[in-house]
1. Out of all the residues in the range 16-34, which are over 17 Å from the mean Cα position of the chain (by Cα), buried (at least 19 other Cβ atoms within 10 Å of the Cβ) and not small (Gly, Ala, Ser)?
2. I'd like to check which helices (runs of 4 or more DSSP H) are fully inside the range 176-280 and have at least 2 residues that are of a type in the set (Ser, Thr, Tyr) and free of Cβ contacts under 8 Å to residues at least 60 places away in the same chain.
3. Looking for something small (Gly, Ala, Ser) and within 28 Å of Asp17 (Cα to Cα) - is there at least one such residue anywhere in the range 149-157?
4. For the condition closer than 30 Å to Trp275 by Cβ, over 21 Å from the mean Cα position of the chain (by Cα) and assigned to a helix (DSSP H, G or I), what is the one hit in Ala66, Ala73?
5. In the range 20-42, what count of residues is obtained for those that are in a helix (DSSP H, G or I) and under 14 Å from Arg69 (Cα atoms)?
6. Of all residues in the range 158-188, count the ones that are out of contact with any strand residue (DSSP E or B) (no Cβ under 7 Å at 6 or more places or on another chain) and closer than 24 Å to His10 by Cα.
7. For the range 49-59, state whether one or more residues are of a type in the set (S, T, N, Q), surrounded by 15 or more Cβ atoms within 10 Å (Cβ to Cβ) and within 26 Å of Ala148 (Cβ to Cβ).
Amino acid sequence: MTQPHLTNYHSHSLYCDGRAGMEDFVRFAVSQGFRSYGFSSHAPLPFSTAWTMEWDRMDDYLAEHARLRQQYADKIDLRIGLEIDYLNEESNPATPRFQQLPLDYRIGSVHLLHAPDGKVVDVDTSPEKFRQLVNEQFDGDLRYVVGAYYQRSLRMVELGGFDIVGHADKMHHNAAAYHPGLLDEPWYDALVRCYFEAIVRRGLIIEINTKTYLETGTFYPNQRYFGFLHDLGARIQVNSDAHYPERINNGRPQALAALRRTGFRSVVEWIGEGWEDVEL
């Protein structure tokens, strides 16, 4: 029997850096009573990585989803998407190649920055690796790194072409580990608030990403901004960014409870053929 708010639209399978096949996630979601579930593999980049899908697997990805959606139609509503990075003006969610794909939805995210020498750097990593990258690739200039992250994030929002902003301020965890007290500094707070205001103006969904909550006690966005998002009238969705089937609900009950305490009265879920605000 399905339960209220048992949904997840940010997940990764073996088509990118997930740790199980798509059907393993579906079977686990069904066993846990999920009403709907969406796949959002990391979209192809202009170069190969260990964590993104290649273009030559796209047809298989779409076909496997179609097969599973039909097979499990009486048990769960399955949806297909992509998590698409903003890399530059030629590679981002709004580009025609991504827009022409037959997807139900798209997540826009930023994982990559350009170092001063032009090298592409993945800053979505462990705090230890992040510290090394900032020191070696950016000459220890954390403010430049944080500023570049939000500048790129704002440009992604300006260009559009997606439904959901993925882990909107994930930078905060690594940046605060590098420089404790950063989150209380006015310049940082101003960057984050400007970004959230731009997202809401565009009518985009902001996910509360719960992937690391059980390990770190941190949501993305940081819980300190839940009240601000509520006051802005943001549309919110709770996703676990699951890479393992057994983690599809990790942190989600805690995020939903935190949203209720903050005053949110609804979250965005897929109902029928599109996104709807569902009462908490």
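1. Of the residues in the range 16-34, the ones over 17 Å from the mean Cα position of the chain (by Cα) are 19-34.
With the extra rule that they be buried (at least 19 other Cβ atoms within 10 Å of the Cβ), the set shrinks to 22, 25-26, 28-29, 34.
If the condition is that a residue be over 17 Å from the mean Cα position of the chain (by Cα), buried (at least 19 other Cβ atoms within 10 Å of the Cβ) and not small (Gly, Ala, Ser), then Met22, Phe25, Val26, Phe28, Phe34 are the ones that fit.
2. Numbers: elements: 186-201, 213-216, 226-232, 252-262.
In the range 176-280, the matching helices (runs of 4 or more DSSP H) lie at 186-201, 213-216.
3. Step one: filter the range 149-157 for residues small (Gly, Ala, Ser), giving 153.
Retained after the next criterion (residues that are within 28 Å of Asp17 (Cα to Cα)): 153.
There is at least one residue in the range 149-157 that is small (Gly, Ala, Ser) and within 28 Å of Asp17 (Cα to Cα).
4. Numbers: Ala73 fails: assigned to a helix (DSSP H, G or I).
Matching residue, one of Ala66, Ala73: Ala66.
5. Taking the range 20-42 and keeping what is in a helix (DSSP H, G or I), we get 22-31.
Restricting the remaining residues to those that are under 14 Å from Arg69 (Cα atoms) gives 22-27, 29-30.
Matching residues across the range 20-42 total 8.
6. Residues of the range 158-188 that are out of contact with any strand residue (DSSP E or B) (no Cβ under 7 Å at 6 or more places or on another chain), as a first pass: 158-160, 171-188.
Next, from what is left, pick out any that are closer than 24 Å to His10 by Cα: 158-160, 171-175.
Residues flagged as out of contact with any strand residue (DSSP E or B) (no Cβ under 7 Å at 6 or more places or on another chain) and closer than 24 Å to His10 by Cα within the range 158-188 amount to 8.
7. At the first step, the residues of the range 49-59 found to be of a type in the set (S, T, N, Q) are 49, 52.
Next, from what is left, pick out any that are surrounded by 15 or more Cβ atoms within 10 Å (Cβ to Cβ): 49, 52.
Among the residues that remain, those that are also within 26 Å of Ala148 (Cβ to Cβ) are: 49, 52.
Checked against the condition, which is being of a type in the set (S, T, N, Q), surrounded by 15 or more Cβ atoms within 10 Å (Cβ to Cβ) and within 26 Å of Ala148 (Cβ to Cβ), the range 49-59 yields at least one hit.
Let's see how each residue does on (1) more than 30 Å from Asp74 (Cβ to Cβ); (2) modelled with pLDDT under 95; (3) of a type in the set (Val, Ile, Thr):
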residue	(1), (2), (3)
Phe228	yes, no, no
Ile236	no, no, yes
Asp241	no, no, no
Asn249	no, no, no
Gly272	no, yes, no
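The values are calculated or read from the model by the stated rules, or taken from the named source; none is laboratory data. Nothing here was measured: the structure is a model prediction, and the numbers come from that model. Counting neighbours? That spans all protein chains shown, and the Cβs are built from the backbone with ideal geometry, glycine included.
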